[in-house]
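The values are calculated or read from the model by the stated rules, or taken from the named source; none is laboratory data. Only a predicted model underlies this, so the values are computations on that prediction, with no experimental measurement involved. Cβ atoms come from the backbone with ideal geometry, glycine included; neighbour counts cover every protein chain shown. We work out accessible area using only protein heavy atoms, side chains counted, and drop any ligands, DNA or RNA first. Shrake-Rupley method; radii C 1.70, N 1.55, O 1.52, S 1.80 Å.
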Amino acid sequence: MTTKQAVLFQLLAQPETWFSGDKLAQEIQVSRESVWKAIQALKKAGHQIESRKNQGYRYLGNPNLDLDSLNFYSGFAYSEQIKVFEMTDSTQIQAKNYLNQHTVNKPYLFVANQQSAGYGRRGRDFYSPSQTGLYFSLILPNPSQDLSQVGLLTTSIAVLVSRVLERFFPDKDFKLKWVNDIYLGQKKVAGIITEANLDLETQSLAHFIVGVGLNLSPADFPESLQATAQAISDEPFYNRNQLMVALFTEIIDHYREYQSPNLLAEYRQKSFLLGRQVTLQRGTESFHGQVSGISDDGSLQLVTEDEKILEFNSGEITKVYFK
């Protein structure tokens, strides 16, 4: 452990607490000058540390993603399983590349401060500016060869992500749009993509690659997105490292339960589509009707204008009629 890491971990353990230079030096058994140099290096890396004469140093936070902070908040349980990028094309691409080159038998996290080629379902671009969002992908070993309910993985991940968001933003009312979006009001704040990795020898799904993009803080959304996307918070959000660890932990602790009726029940409860008129696009066909339910395999149930009841296990809701 470097002096810089040792100082950081002391400060993270008691944020908002003042530490004198002497106390920090004694705790980690280095000189006061070494502590001072470590503090300057931490500040340069983006850590917000207040310095005050006769009181010492106080940790305020870090707007940047930081591997040491992620490891600290996770109790160093996943030190070899977390990859952090300041800038990358796509965390989803990074996860796939890693999977192609390594044997993976436990969850891995790939998180970026910014993406140049982030994408969602059907290869659509996902706007991923620096500092204002959280963009990450997970490699999740497939817990079961029973693929009859595999469509429930995406709905379950949406529930797990929304649970964590509710803890960090208790005043927000997060809702789910089938199948993979998280909304506040009438605008999207998060998207989820679920892809699979095929084991050619066994002809089975060996891993899932789950990508999540969150709009956390105000950003200059392109004009094409301003009517449909927004940020979760009206203010800058400085707890991305803690939020990332909470999301990672929640997902890896519960994703193996993705076929659980309890997760599906929670998904139904959080859905804002039930009873609404929608337009659903599948391939070149469009369907209009009222959402009547979500079936046990995660399919969307739609009552069309001619009173036919249809079920869709794929497709996209392109229009929601809120009135």
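Treating the beta-carbon of each Lys and Arg as +1 and of each Asp and Glu as -1, no other charges, what is the dipole magnitude of the chain about its Cα centre, to the nearest 20 debye? Intermediate values should be presented prior to the final figure.
On the way: 31 positive and 35 negative charges, 178 e Å.
I would put it at about 860 debye.
Equivalent ellipsoid semi-axes for segment 156-201, as square roots of 5 times the alpha carbon gyration tensor eigenvalues: give them largest first, rounded to whole Å. All intermediate terms of the calculation are to be shown ahead of the outcome.
Details: eigenvalues 143, 29, 9 Å².
Sorted largest first and rounded, they come to 27, 12, 7 Å.
So what is the calculated 222 nm ellipticity per residue for the chain, using -39500 (n - 2.57) for each DSSP H run with n of 4 or more, over all residues, to the nearest 500 deg cm²/dmol? If you can, show how the numbers build up before the last one.
Details: 8 runs with 92 residues, N = 323.
Here the helix-only value at 222 nm equals -8500 deg cm²/dmol.
Would you pull out the residues with amide H under 5 Å of Lys188's amide H, same chain only if 5 or more places away, H placed 1.01 Å from N?
Distant-sequence amide H within range of Lys188: Ala229, Gln230.
Name the residue from Thr304, Ser286, Thr318 whose Cα lies farthest towards the positive end of the charge dipole of segment 276-320, charges +1 on Cβ of Lys and Arg and -1 on Cβ of Asp and Glu.
Among Thr304, Ser286, Thr318, the one farthest towards the positive end of the dipole of segment 276-320 is Thr318.
Rank these residues by their accessible area, most exposed first, probe 1.4 Å: Ile192, Ile309, Ile28. Mind dumping the intermediate values first?
Working: Ile192 5, Ile309 130, Ile28 35 Å².
Most to least solvent-accessible, the answer reads Ile309, Ile28, Ile192.
Bin width 10 Å, alpha-carbon pairs only: give the P(r) of the chain as whole percents, running from 0 to the bin holding the largest distance.
Pairs per bin, as whole percents: 5, 24, 30, 22, 11, 5, 2, 0.
With no solvent and one equal point scatterer per Cα, compute the Debye intensity ratio I(q)/I(0) for segment 3-61 at 0.23 Å⁻¹ and report its log10, rounded to two decimals.
Rounded to two decimals, the profile gives -0.84.
Using DSSP to call loops (not H, G, I, E or B), can you name the trypsin sites (Lys or Arg not before Pro) in segment 39-117 whose Cβ has at most 16 other Cβ atoms within 10 angstrom?
Working: sites: Lys43, Lys44, Arg52, Lys53, Arg58, Lys83, Lys96; in loops: Lys53.
Passing both the DSSP loop test and the Cβ count: Lys53.
Report, in cubic angstrom per residue, the convex hull volume of the C-alpha atoms of segment 1-125. Write out the running numbers ahead of the final one.
On the way: hull volume 15.9 nm³, N = 125.
Normalising the Cα hull of segment 1-125 by residue number yields 127 Å³.
Based on alpha-carbon centroids, what's the gap between segment 1-77 and segment 117-166 in Å, whole number please?
Between the Cα centre of segment 1-77 and that of segment 117-166, the gap is 33 Å.
If the reach is capped at under 24 angstrom between alpha carbons, list the lysines near Lys4, excluding any in the same chain fewer than eight residues apart.
Within the straight-line limit of under 24 Å, Lys4 reaches these lysines: Lys23, Lys37, Lys43, Lys44, Lys53, Lys83.
Taking every pair of alpha-carbon atoms in segment 147-251, give the share separated by more than 16 Å as a whole percent. Walk me through the numbers before you get to the answer.
Details: 3355 of 5460 pairs.
Above the 16 Å cut-off, segment 147-251 has 61 percent of its Cα pairs.
Between Ser130 and Ser233, with labels modelled 7 Å along Cα→Cβ, what's the label distance in nm to one decimal, could you check?
For Ser130 paired with Ser233, the spin-label model returns 1.9 nm.
Given the Cα atoms of segment 37-77, and with Rh set as the inverse mean 1/r over their pairs in the Kirkwood sense, what is Rg to Rh to two decimals? Walk me through the numbers before you get to the answer.
On the way: Rg = 11.5 Å, Rh = 11.2 Å.
Radius of gyration over Kirkwood radius for segment 37-77 works out to 1.03.
Could you pull out the longest piece of the chain with no exposed loop GluC sites (Glu not before Pro) in it, calling a site exposed if DSSP puts it outside H, G, I, E, B and it has at most 15 other Cβ atoms within 10 Å? Could the numbers behind the result be given before it?
Numbers: sites that count: Glu16, Glu80, Glu86, Glu201, Glu223, Glu305, Glu307.
By the stated rule (loop sites, at most 15 other Cβ atoms within 10 Å), 87-200.
Which whole-number value in Å² is the accessible area per residue of the chain, probe 1.4 Å? Walk me through the numbers on the way to the answer.
Details: 15670 Å² over 323 residues.
So the chain comes to 49 Å² accessible per residue, rounded to a whole number.
Which percent of Cα pairs goes in each bin when the distances of segment 187-323 are cut into 5 angstrom slices starting at zero?
That works out to 2, 8, 12, 16, 18, 18, 14, 9, 3, 1, 0, in percent per bin.
Take the solvent-accessible surface of the protein heavy atoms, probe 1.4 Å, and return the percent of it on the chain that carbon and sulfur atoms account for.
Working: 7050 of 15670 Å².
Carbon and sulfur: 45 percent of the exposed surface of the chain.
Just going by the charge dipole of the chain, with Lys and Arg at +1 and Asp and Glu at -1 on Cβ, which of Tyr98, Leu12, Pro141 is farthest out on the positive end?
Leu12
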